[in-house]
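J.: Dumping the structure here so I can ask a few things about it.
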Amino acid sequence: MWSILSILVENKPGILFKITHLFRSRNFNIDSISVGITENPDYSRMTITTYGDQHQVEQIVKQLDKMIDTLDVQLLDEHKTVFRELSIFKIKLSNANDSMKINELANAYGGKVHDVKKESIMVELTATPDQIKAFEELAKPFGILDVARTGVAALQRSGA
């Protein structure tokens, strides 16, 4: 099961290592991770996505909750959460027609085109991981030269 964890932590050196070490010591993989300072500079929010069965995820949540530097740990329900990931694709251009096709594809996914060169084009896409994967599958026939992804950022909806 794919899970989104939201972890509010004290903003101090070494906390990222402690969190990732906990995952490693439990032989649990992190699919994506993003960290940023909250509205209060004393705290940061980590958003971690991972795969595991219900028992494994519950164990990780309990272990995270026990850590001294964590203030709040939530397992987010993806149906009651706004979550997005930023990705940038560098796609090969074999001919002039490819640029137009990739531009149309980017527009269909709400992406932005950047850095159009003779041999490549860059597309910025902010979407759910599933939407990014779908875009990637459609862009593969052109030739993906490089990809950079940020990891998921997520917040639970109000009243959820």
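J.: Given R₀ = 35 Å, what would the calculated FRET efficiency be for D115 paired with M67, taking r from the Cβ atoms and rounding to 0.05? Numbers along the way, then the final one.
T.: On the way: r = 42 Å, r/R0 = 1.19.
Taking R0 as 35 Å, the efficiency between D115 and M67 is 0.25.
J.: What does the stretch 2-76 give for Rg and for Dmax, in Å, if only its C-alpha atoms count?
T.: Spelled out, the Cα radius of gyration and Dmax of the stretch 2-76 are 11.4, 34 Å.
J.: Leaving out ligands and nucleic acids, note down the accessible area per residue over the stretch 82-156 with a 1.4 angstrom probe, in whole Å². Don't skip to the answer; put the middle values down first.
T.: On the way: 4310 Å² over 75 residues.
It amounts to 57 Å² per residue over the stretch 82-156.
J.: Follow-up question, since we're still on this one. Could you sort 133-141, 69-77, 4-12 so that the peptide with the highest average Cβ count within 10 Å comes first and the rest follow in order?
T.: On the way: 133-141: 14.1, 69-77: 15.9, 4-12: 18.2.
The packing order, highest mean first, is 4-12, 69-77, 133-141.
J.: Oh, and also: Could you tell me whether the chain comes out rounded, prolate or oblate from its Cα gyration tensor? Rule is a ≥ b ≥ c as square roots of the eigenvalues, rounded for a/c under 1.5, then prolate if a/b exceeds b/c, otherwise oblate.
T.: prolate
J.: Let me ask something additional. At 222 nm, what value in deg cm²/dmol follows for the chain if DSSP H runs of at least 4 each add -39500 (n - 2.57) and the sum is divided by all its residues, to the nearest 500?
T.: Working: 4 runs with 48 residues, N = 160.
Using -39500 (n - 2.57) per qualifying helix, the result is -9500 deg cm²/dmol.
J.: Remind me, relative contact order of the chain in percent, using alpha carbon pairs under 8 angstrom and six or more residues apart?
T.: Values: 282 pairs, mean separation 44.9, N = 160.
Computed over the chain, the figure is 28 percent.
The values are calculated or read from the model by the stated rules, or taken from the named source; none is laboratory data. The structure presented is a predicted model; accordingly, all values stated were derived computationally and were not measured. Note: ideal-geometry Cβ built from the backbone for every residue, glycine included; neighbour counts use all protein chains shown. To get the accessible areas, we keep the full protein, side chains included, count just its heavy atoms, and leave off ligands, DNA and RNA. Shrake-Rupley method; radii C 1.70, N 1.55, O 1.52, S 1.80 Å.
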